[in-house]
Amino acid sequence: MLNLLRRSIRMESQQNHAVDVSDVSHGAAAYRSVTYCTGGLISFPLDGGKFGLAPVWNDGKVEHTVLPSNHALAEATKNLGVQTVGTNQIIDDGIASTEIWRPRDSLMTNGLSGADTWAAISTGAHLDKNDTYADAARYVSVSMQAAGVRLRDVAKCHHAQLIEALLRKKEVTVGFKNVPLLDLYVAFHSLASELCSARDHLVRIAALHVGAKESLDDMIRLEAWLKKEANQHHAAEPLTKLLTSAWGTKELPQWLRKLSDVRNQMVHRQPLAANPAAAMLRLREATAPLVGTIKTIRLAPAPHDEKYLSLTPDPFETLLGYSERVQQLVIEASKLAHYRPTLMAFKSTA
């Protein structure tokens, strides 16, 4: 329970609003956490400050290898060429389990994710009876929560596919397909869509800041609106400036516009499942001190050409990069909101 305790302590540093609750029940629950990486790998804490890294193939079995510290784990994953994606916190009360997805610590602020922060901003706006602002802030929060769930789905699909590939003794040099691969493609589509939804809800809040109409709810409309002579001075509004800087121009597109192109490619022009650059799954091998040679997995192009493979970006790494940049964007945007984050604090009346 240590991670949850630390998070609750951080939350007390935020502005709180107390709410009375009744019929509160107490009981024992089991807690565990699993950190996902690109390539299908996971890590998890063990007793004595050690960490497990999985899956590894050992004498005909899928097992985990043990690393002596968090530092050793970080060095191993770096040498293996994989990136940390996020941590799934699982709480099981014996009847049902609850999963809570958390971004990497470096993407949190005051112990809160972007989704948490905007939910708290929504609470602040609601207490001020500004329901229009509260709703828009809540939409940002929900979209970021959904994006986190879809990112977790992508990571889980990679992990499951890696285990199956090891059990079926797939060769590193041979690509393969299977029915569950569709789940991975769908998760990618949903992730890209939710990230762009969060962006559009931020645009709606920027529109509220400059007094624009409710129909101004995406970057294309904001871009066109700001080009009108009567509206050009609004480009200096801090949240508007933050968004347009990340958007860029058609001639010099920045990362937020490029994310839109990725989403539009998947949704409107060519589904990922029909994209030759992501035609199949491929295993790769990497070696690192303390762990030896470990296999990872990725979506790969159809040609069995290592040179072509090395020149084709891993879709997981690409979407993870965009996901983290959106996470950073919503955190920066939260600092420009018209309301402070206000966290709900519950107290029992029983």
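The values are calculated or read from the model by the stated rules, or taken from the named source; none is laboratory data. This one's a predicted model, so the numbers in the text were calculated from it and none came from an experiment. All Cβ positions, even for glycine, are placed from backbone atoms using ideal geometry, and neighbour counts span all protein chains on display. Calculation scope for accessible area: heavy atoms of the full protein, side chains included, ligands and nucleic acids excluded. Shrake-Rupley method; radii C 1.70, N 1.55, O 1.52, S 1.80 Å.
Computed quantities for the displayed model
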quantity	calculated
Tabulated pairs, region 281-295, first more than 16 Å from Phe51 (Cβ to Cβ) and among the hydroxyl-bearing types (Ser, Thr, Tyr), second part of a strand (DSSP E or B) and open to solvent by less than 10 Å² (accessible area, probe 1.4 Å), C-beta under 8 angstrom, 6+ apart or interchain	Thr287/Ile294
For Leu208: the one exception among (1) under 21 Å from Gly148 (Cα atoms); (2) open to solvent by 10 Å² or more (accessible area, probe 1.4 Å); (3) touching a Phe, Trp or Tyr at 6+ places or on another chain (Cβ under 7 Å)	(1)
So Lys241, is it modelled with pLDDT of 95 or more, touching a Gly at 6+ places or on another chain (Cβ under 9 Å) and either over 25 Å from Trp101 (Cβ atoms) or among the charged types (D, E, K, R) (or both)	no
Set Arg32, Arg138: member being assigned to a strand (DSSP E or B) and open to solvent by 70 Å² or more (accessible area, probe 1.4 Å)	Arg32
Residue check, Ser69 over 30 Å from Leu299 (Cβ atoms) and among the polar types (S, T, N, Q)	yes
Cross-chain or 6+ apart pairs with Cβ under 6 Å, region 159-187 first and within 22 Å of Ala274 (Cα to Cα) and open to solvent by less than 50 Å² (accessible area, probe 1.4 Å), then among the acidic types (Asp, Glu) and assigned to a helix (DSSP H, G or I)	Ala187/Asp153
Pairs, first over 17 Å from Ser190 (Cα atoms) in region 255-266, second open to solvent by 50 Å² or more (accessible area, probe 1.4 Å) and not polar (S, T, N, Q), C-beta under 6 Å, six or more apart	Trp255/Arg325
Selection from region 119-133 of residues that are surrounded by fewer than 20 Cβ atoms within 10 Å (Cβ to Cβ) and not β-branched (Val, Ile, Thr)	His126, Leu127, Asp128, Lys129, Asn130, Asp131
Region 223-237, residues that are surrounded by 13 or more Cβ atoms within 10 Å (Cβ to Cβ) and farther than 18 Å from His338 by Cβ	Glu223, Trp225, Leu226, Asn231, Ala235
Given (1) in a helix (DSSP H, G or I); (2) open to solvent by less than 20 Å² (accessible area, probe 1.4 Å), index of the condition Ile297 fails	(1)
Residue in region 46-53 that is part of a helix (DSSP H, G or I), surrounded by 14 or more Cβ atoms within 10 Å (Cβ to Cβ) and modelled with pLDDT of 85 or more present	no
Residue check for Ala76: buried (at least 18 other Cβ atoms within 10 Å of the Cβ), touching a residue at least 60 places away in the same chain (Cβ under 8 Å) and closer than 17 Å to Glu194 by Cβ	no
Total residues in region 217-249, condition out of contact with any His (no Cβ under 9 Å at 6 or more places or on another chain) and free of Cβ contacts under 8 Å to residues at least 40 places away in the same chain	21
